[in-house]
Amino acid sequence: MAAEQRSDREPEPFAHLSAKNARLYRDVLLTFARARDRFIVHMRPEDVTADLGRPGDVEAVAAALEQLVEWGNLRADPDTGRVTSVADFHRARYLYQLTAAGQAAEEALAVYDEALGRRGSLQSVALEDIAGQLRALAELADADDLDPAKVHLLLLALAERFTGLADNAQAFMASLRRVIDFADGDVAAFIAYKQQLIDYVNKFIADLANRGAEIAILLGRLEQSGVERLLAVAARREAADVAPDGQANAVDACLDAWRNRWRGLHDWFVSADSRHLSQARLLRGAAVTAITQLIDTVAALNERRSGRSDRSADFRTLARWFAQAPDDNAAHRLWRAAFGLTSARHLTVSQETVVAWEEERPTPGTPWRLAPGVRISPQLRRTGSYERRGQPNRVVDRAEQRQALADQAEAESAQVAAARERLATPGPIRLSQLGRLDTRAFRLFLGLLGDALSARTPGDTEVRTTTSDGAMGVHLTVVRGGGTVRIETEDGVLCGPDHLIEIVDLTARGRAEAIA
């Protein structure tokens, strides 16, 4: 009967969220959701109360079940399984189960709760998995006869892994932004946590630089081998499961969906040009910026804890002074004293004023009443603005300058790549074996040497680190009794204690692994 009363009304599966007993309704519906996970479809009121651990609230739970039936979250069917007499038949007994609308509402609320509390992560392992799946796809693409099942399963696994990587990275960067913004909440915990966080982000930046280059090369290799053929095979296999009423354009729809996923994967790892960077490069830039902001935040917190004044504290003090001002006149005086924002006596200097100044030549010590006056345009005095009449200037076409900047950026990128190739060593060598360095290679070498020396703690004889962009790795070892080394450069001679050094171009290693 309850089900028949609901049939003529539109379902309101979210109405219980704003009802008086919202907590009870949520507990009841979560009980049905958990039961569905255990493959239990129907539940009796006593089953619900037992699962809730509230055996004394049978009437309250029964009333909640009836109300949820009214809203369309549940469906009530007569319970005839335990009828043993005519009296039992006439007594209202129901089995309850989630309706389609109720199930959809529970799934939506679960997704909402998950997204709201999600902190995300930077999944270095996912990068390795994506590279492995692309290598397997490349091997299949080279075969004459494709195995539809293997191709489809590999593409599904690749899409799922990539979606998880992108979503988790976005959620993590958002949560990192919140950590920085609300660092004032627990200063001690934030300072203790920041080093672990910086190490975690640095590791992901290095992995993203290495694996990202490999993945980009694998994507290019697959597109040359004919990725369209792989997508078509997966689309045909996927379309075979479509219901009969939707099979007309099923293959085309599935193929369009796979093309869109592949385009998203390609754009995430491969930059179109210097003006349209890949999402991986943008993520690396955002992560490096976040590390800088973390360090700056920690420095500001340390200064605040040591009693030093900062701008935010000054503004808070000034705000208290404004709040304590006895009247508006005092507040205006405080404003002028704090910011010096008073009305301007003139905005431009006319030619007549310049001539008068040159004739009388007032000194810095000349009193205002004796100095020549400032002549102001009547239009400025009358309207408060002075603008040149006539047509506005034409918009300048900057296409040529933009192209010049793009060529310059490409040339600089090539120079940096050449410098990395020049500095890369076949193994550990002495600094004296580096040979003569040009200006670009020398600057890069100084940066590597600075990163290594700053990462070395007192007492260490060797250190291993990577650059902030993850492009190069350096291993520096002290040589006992090695003497002083002289490194010839185009800019002069660098002298210092000799060390064993190993410089690795991580981007070149990623390309070599991808080709292998």
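The values are calculated or read from the model by the stated rules, or taken from the named source; none is laboratory data. Quick caveat: nothing in here was measured; it's all calculated off a predicted structure. A quick note on method: Cβ atoms are made from the backbone with ideal geometry, for glycine too, and the neighbour counts reach across all protein chains shown. The protein model used for the area step is the full one, side chains on, heavy atoms only, and it has no ligands, DNA or RNA in it. Shrake-Rupley method; radii C 1.70, N 1.55, O 1.52, S 1.80 Å.
Please specify each residue of the range 465-484 satisfying the condition of being loosely packed, with under 14 Cβ neighbours inside 10 Å and in a strand (DSSP E or B). I'd like the intermediate steps shown before the answer.
Taking the range 465-484 and keeping what is loosely packed, with under 14 Cβ neighbours inside 10 Å, we get 480-481, 483-484.
Residue satisfying the conditions is Thr484 alone.
Within the bounds of the range 195-202, is there any residue that is at pLDDT 80 or above and either of a type outside the set (A, V, I, L, M) or open to solvent by 30 Å² or more (accessible area, probe 1.4 Å) (or both)? I'd like the intermediate steps shown before the answer.
In the first step, residues of the range 195-202 are kept if they are at pLDDT 80 or above; the result is none.
Within the range 195-202 (the criterion being at pLDDT 80 or above and either of a type outside the set (A, V, I, L, M) or open to solvent by 30 Å² or more (accessible area, probe 1.4 Å) (or both)), the answer is no, since none of the residues qualifies.
(1) in contact with a Lys or Arg (Cβ under 9 Å, 6 or more places away or on another chain); (2) modelled with pLDDT of 85 or more: which one isn't true of Ser432, the others all being true?
Result: Ser432 fails condition (2) only.
List the residue pairs whose Cβ atoms are under 6 Å apart, where the first residue sits in the range 33-50 and is open to solvent by 60 Å² or more (accessible area, probe 1.4 Å), the second is part of a strand (DSSP E or B) and of a type outside the set (D, E, K, R), and the two are 6 or more positions apart or on different chains.
Val41/Gln97; His42/Leu95; His42/Gln97
If we keep just the residues of the range 6-27 that are open to solvent by 100 Å² or more (accessible area, probe 1.4 Å) and in a helix (DSSP H, G or I), which is modelled with the highest pLDDT?
Per the criteria, the residue is Arg23.
If you go through the range 81-99 one residue at a time, how many are of a type in the set (S, T, N, Q) and at pLDDT 70 or above? Can you show your working first?
So the first thing to find is which residues in the range 81-99 are of a type in the set (S, T, N, Q), and the list is 84-85, 97, 99.
Filter once more, so that each one left must be at pLDDT 70 or above: 97, 99.
Qualifying residue count for the region: 2.
Hey, any hits in the range 229-236 for a residue that's modelled with pLDDT under 80, surrounded by fewer than 19 Cβ atoms within 10 Å (Cβ to Cβ) and either at negative phi or of a type in the set (Lys, Arg) (or both)?
No, because not a single residue in the range 229-236 is modelled with pLDDT under 80, surrounded by fewer than 19 Cβ atoms within 10 Å (Cβ to Cβ) and either at negative phi or of a type in the set (Lys, Arg) (or both).
Restricting attention to the range 263-276, report how many residues are in a loop (DSSP other than H, G, I, E, B) and either in contact (Cβ under 8 Å) with a residue 24 or more places away in the chain or loosely packed, with under 15 Cβ neighbours inside 10 Å (or both). I'd like the intermediate steps shown before the answer.
We begin by selecting, within the range 263-276, every residue in a loop (DSSP other than H, G, I, E, B); these are 270-272, 274-275.
So of that shortlist, the ones also either in contact (Cβ under 8 Å) with a residue 24 or more places away in the chain or loosely packed, with under 15 Cβ neighbours inside 10 Å (or both) come out as 270, 272, 274-275.
Of the residues in the range 263-276, 4 are in a loop (DSSP other than H, G, I, E, B) and either in contact (Cβ under 8 Å) with a residue 24 or more places away in the chain or loosely packed, with under 15 Cβ neighbours inside 10 Å (or both).
Considering each of Gly102, Gly120 in turn, give the residue that is among the small types (Gly, Ala, Ser), at pLDDT 85 or above and surrounded by 13 or more Cβ atoms within 10 Å (Cβ to Cβ). If you could, list the steps in order and put the result at the bottom.
Details: Gly120 fails: at pLDDT 85 or above.
Result: Gly102 is the single residue among Gly102, Gly120 that is among the small types (Gly, Ala, Ser), at pLDDT 85 or above and surrounded by 13 or more Cβ atoms within 10 Å (Cβ to Cβ).
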